Amino acid sequence: MLYINVQELFAVFLILCFAAPGLSSATISFNVMNYGAVGDGKTDDSAAFLKAWKAVCQTGSGIPILIIPAGKTFLLKPVTFSGPCKPSHIYVRGVTCKGPTALTFYRCNGLVVKGLRHTNSQRNHITISGCNGAKISNLHISAPSDSPNTDGIDIASSTNIRISNSFIGTGDDCIAISSGSSNINISGIDCGPGHGISIGALGVHGEQDTVEEVHVRNCTFKATMNGVRIKTWQGGSGYARKITFEKIKFVNTGNPIVIDQYYCPSGGCQNETTTFKISDVSYNLITGTSSTEKVINFSCDKNVGCNNIVLDHVYVTASVAGKMAYAYCYNAQGRLSHTKPSVKCLLS
Ligand SMILES: *[C@@H]1O[C@H](CO)[C@@H](O)[C@H](O)[C@H]1NC(C)=O
Ligand SMILES: *[C@@H]1O[C@H](CO)[C@@H](O)[C@H](O)[C@H]1NC(C)=O
Ligand SMILES: *[C@@H]1O[C@H](CO)[C@@H](O)[C@H](O)[C@H]1NC(C)=O
Ligand SMILES: *[C@@H]1O[C@H](CO)[C@@H](O)[C@H](O)[C@H]1NC(C)=O
């Protein structure tokens, strides 16, 4: 499933870890060079980075700062920076990466990631898993549009996450949110190429999954395969609720607005007893053009249905002249105003 093409990786890392607010103390520097990093672009520096991270993570007092010097080339395998860490705040700043970069932040609280630049990564770029309280901004992530498994940012089992003002152009989802995530705010994302922003797919193999309070605002989708999607497999349980999409612009986007409770990318799935509930999803102030005629697709489970789906000021047209934009709707309940194309099952 993962395609790793080892290329040169150039990294300028500056990782600052702050002690709990209120604890005033001196800073302590941890330079990766002192943990065995070579930085010649040929030696695998992953172990040295992990050693340095461990030292930072275990700093009991003071403000630990992990320094990765600029002007050197570090070859890294996909790296997982694991918590829990003693400092309650961790600051990652100014990383420039090239090649098969995959940074995973696992169980990190109070994480701040700023100004990373990932180019041509061959797999998922940044994974935030089991974290509480992360602020991610000013990222520039790009991968070829035909590269598989190159999600820009994956968020799993995390709460209180803010992702803002970033460019993400990849061969897969720009941002994917999976189970156990709540209070996720996404804004100012310029997405494309890629598969858009996804919640799910949830409820695979009958799993119970939950996602709530996801707010996506001020985002642009340029020539992406999909826009904003909520996807669930048949047979699952749990919920996806309290989700808002606001001030979204589509530019020649395929499948701009999708709720799909029959997710089955490789086909051949059976309908199964599903109790997964999608509710309280709103789409406000959405405009733009679609490369597909079906611009809205609400395919809700035939027994459970979707509830309180609300559209207000949603205007999406077909980007190809002469094509008519339309909406498909199955078993969704809610309301709409100032919306074109109209969505039949939300009218009654
Ligand atoms: C997300 O935005 C809402 C307001 O729209 C705010 O109440 C909430 O605290 C924000 N959460 C984060 C993690 O930024
Ligand atoms: C909207 O997003 C763009 C980036 O796409 C950013 O430059 C701009 O400041 C954002 N506007 C607001 C009001 O947040
Ligand atoms: C599953 O249910 C949907 C909605 O009733 C229906 O359109 C679809 O054909 C069914 N799929 C299978 C494989 O039975
Ligand atoms: C959307 O709607 C159609 C019904 O026209 C359905 O068969 C299709 O597979 C749906 N799902 C997606 C994700 O497009």
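The values are calculated or read from the model by the stated rules, or taken from the named source; none is laboratory data. Note that the structure is a prediction, hence the values are computed from the model and not measured. Neighbour counts run over all protein chains shown; Cβ positions are idealised from the backbone, glycine included. Heads up: the accessible areas ignore ligands, DNA and RNA and are worked out on the full protein's heavy atoms, side chains in. Shrake-Rupley method; radii C 1.70, N 1.55, O 1.52, S 1.80 Å.
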When residues of the range 192-232 are filtered for being hydroxyl-bearing (S, T, Y) and either under 12 Å from the mean Cα position of the chain (by Cα) or away from ligand 2 (no atom under 16 Å from the Cβ) (or both), how many remain?
3
Hey, among G305, G254, which residue is farther than 27 Å from I189 by Cα and of a type in the set (G, A, S)?
G305
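Test of understanding: among I189, I184, I163, I153, which residue is assigned by TED's automatic domain parsing to the domain that holds K114, touching a Cys at 6+ places or on another chain (Cβ under 6 Å) and either of a type outside the set (D, E) or open to solvent by less than 10 Å² (accessible area, probe 1.4 Å) (or both)? Lay out the reasoning, then the answer.
Working: I184 fails: touching a Cys at 6+ places or on another chain (Cβ under 6 Å); I163 fails: touching a Cys at 6+ places or on another chain (Cβ under 6 Å); I153 fails: touching a Cys at 6+ places or on another chain (Cβ under 6 Å).
Within the list I189, I184, I163, I153, the selection yields I189.
For the range 170-177, state whether one or more residues are more than 15 Å from ligand 2 (Cβ to nearest atom), surrounded by 18 or more Cβ atoms within 10 Å (Cβ to Cβ) and modelled with pLDDT of 95 or more. Step through it out loud before you land on a result.
Start the filter on the range 170-177 by keeping residues that are more than 15 Å from ligand 2 (Cβ to nearest atom), which leaves 170-173, 176-177.
Restricting the remaining residues to those that are surrounded by 18 or more Cβ atoms within 10 Å (Cβ to Cβ) gives 170-173, 176-177.
Right, trim to modelled with pLDDT of 95 or more and you get 176-177.
Yes, some residue in the range 170-177 is more than 15 Å from ligand 2 (Cβ to nearest atom), surrounded by 18 or more Cβ atoms within 10 Å (Cβ to Cβ) and modelled with pLDDT of 95 or more.
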Working only within the range 238-292, note down all residues that are of a type in the set (S, T, N, Q) and within 16 Å of ligand 2 (Cβ to nearest atom).
T244, T253, N284, T287
Near pairs, Cβ below 6 angstrom, 6+ apart or cross-chain, from the range 219-235 (free of Cβ contacts under 8 Å to residues at least 60 places away in the same chain) to any residue that is open to solvent by less than 10 Å² (accessible area, probe 1.4 Å) and within 16 Å of ligand 1 (Cβ to nearest atom):
C219/I189; C219/I248; V228/I197; V228/F245; I230/I199
Would the range 244-267 turn up any residue that is open to solvent by less than 20 Å² (accessible area, probe 1.4 Å) and more than 22 Å from P341 (Cα to Cα)?
no
Condition set under 16 Å from N31 (Cα atoms) and among the hydroxyl-bearing types (S, T, Y), scope the range 41-97, selection modelled with the highest pLDDT: answer is S46
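Having 2 or more residues that are outside the structural domain of C219 (by TED's automatic domain parsing) is the bar; report the strands (runs of 3 or more DSSP E) wholly within the range 233-337 that clear it. Reasoning before the result, please.
Working: elements: 237-253, 257-260, 277-290, 294-299, 306-318, 326-330.
The strands (runs of 3 or more DSSP E) meeting that bar number zero.
Restricting attention to the range 207-225, does a residue exist that is away from ligand 3 (no atom under 16 Å from the Cβ), modelled with pLDDT of 95 or more and out of contact with any strand residue (DSSP E or B) (no Cβ under 7 Å at 6 or more places or on another chain)?
So the first thing to find is which residues in the range 207-225 are away from ligand 3 (no atom under 16 Å from the Cβ), and the list is 207-225.
Filter again for modelled with pLDDT of 95 or more, leaving 207-225.
Those still in the list that are out of contact with any strand residue (DSSP E or B) (no Cβ under 7 Å at 6 or more places or on another chain) too: 207, 225.
Within the range 207-225, one or more residues are away from ligand 3 (no atom under 16 Å from the Cβ), modelled with pLDDT of 95 or more and out of contact with any strand residue (DSSP E or B) (no Cβ under 7 Å at 6 or more places or on another chain).
Among residues belonging to the range 209-235 that are on the phi > 0 side of the Ramachandran plot and open to solvent by 30 Å² or more (accessible area, probe 1.4 Å), point out the one that is farthest from ligand 1 (Cβ to nearest atom). Steps first, answer last, please.
Step one: list which residues in the range 209-235 are on the phi > 0 side of the Ramachandran plot, which gives 213, 218, 223, 235.
Applying the additional criterion that residues be open to solvent by 30 Å² or more (accessible area, probe 1.4 Å) yields 213, 218, 223.
Details: E213: 8, N218: 12, A223: 28 Å.
Ranking the candidates gives A223 first.
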